[in-house]
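Contents: one structure, followed by commentary.
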Amino acid sequence: MWEYSDKVKDHFFNPRNVGEVKNPDGIGEVGSLACGDALRLTFKLDKDKRISEVKFKTFGCGSAIASASALTEMIKARPLMRYRK
């Protein structure tokens, strides 16, 4: 059996930012055929291109729910970065 930290359990039992942002500025989707998890992340940006609102929907195990919840908390107020090839 897996043993999860109290913080992971808290994010699983009390996930933050669940749902979908209305009229999002960006959408991210990822999934894994190997385990069947899927994640949809939607967000809004403020005038300084920082993430002002973020929400997620996921289909998957407890750790997928907990990690998506933690991710949304970590990226709030962070600037959107552009990567160049």
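The values are calculated or read from the model by the stated rules, or taken from the named source; none is laboratory data. All of these numbers come straight from a predicted model, not from anything done at the bench. Note that we place each Cβ from the backbone using ideal geometry, even for glycine, and neighbour counts take in every protein chain shown. When the accessible area is computed, the model is the full protein with side chains, heavy atoms only, and any ligands, DNA or RNA have been set aside. Shrake-Rupley method; radii C 1.70, N 1.55, O 1.52, S 1.80 Å.
Of all residues in the stretch 32-45, how many are under 15 Å from the mean Cα position of the chain (by Cα) and open to solvent by 90 Å² or more (accessible area, probe 1.4 Å)?
Total meeting the criteria: 0.
Condition test on ALA68, is it in contact with a Leu (Cβ under 6 Å, 6 or more places away or on another chain), without any contact (Cβ under 8 Å) to a residue 60 or more places away in the chain and within 30 Å of GLU3 (Cβ to Cβ)?
Yes, satisfied.
So which residues in the stretch 15-40 are under 16 Å from MET74 (Cα atoms) and assigned to a loop (DSSP other than H, G, I, E, B), if there are any at all?
Those that are under 16 Å from MET74 (Cα atoms) and assigned to a loop (DSSP other than H, G, I, E, B): PRO15, ARG16, ASN17.
Starting from residues that are surrounded by 18 or more Cβ atoms within 10 Å (Cβ to Cβ), more than 13 Å from GLY28 (Cα to Cα) and not hydrophobic (A, V, I, L, M, F, W, C), keep the ones in the stretch 46-85 and report whichever is modelled with the lowest pLDDT.
For the stretch 46-85, the residue satisfying everything is SER67.
Quick test for you: out of GLU3, GLU29, pick the one residue that is within 21 Å of PHE59 (Cβ to Cβ), open to solvent by 100 Å² or more (accessible area, probe 1.4 Å) and free of Cβ contacts under 8 Å to residues at least 24 places away in the same chain.
Just one listed residue meets the conditions, GLU29.
Looking at the stretch 6-26, which of its residues are open to solvent by less than 80 Å² (accessible area, probe 1.4 Å), modelled with pLDDT of 95 or more and among the aliphatic types (A, V, I, L, M)?
VAL21
How about the stretch 45-57: which of its residues are within 12 Å of THR72 (Cα to Cα) and either in a loop (DSSP other than H, G, I, E, B) or not aliphatic (A, V, I, L, M) (or both)?
Across the stretch 45-57, the qualifying residues are SER52, GLU53, LYS55, PHE56, LYS57.
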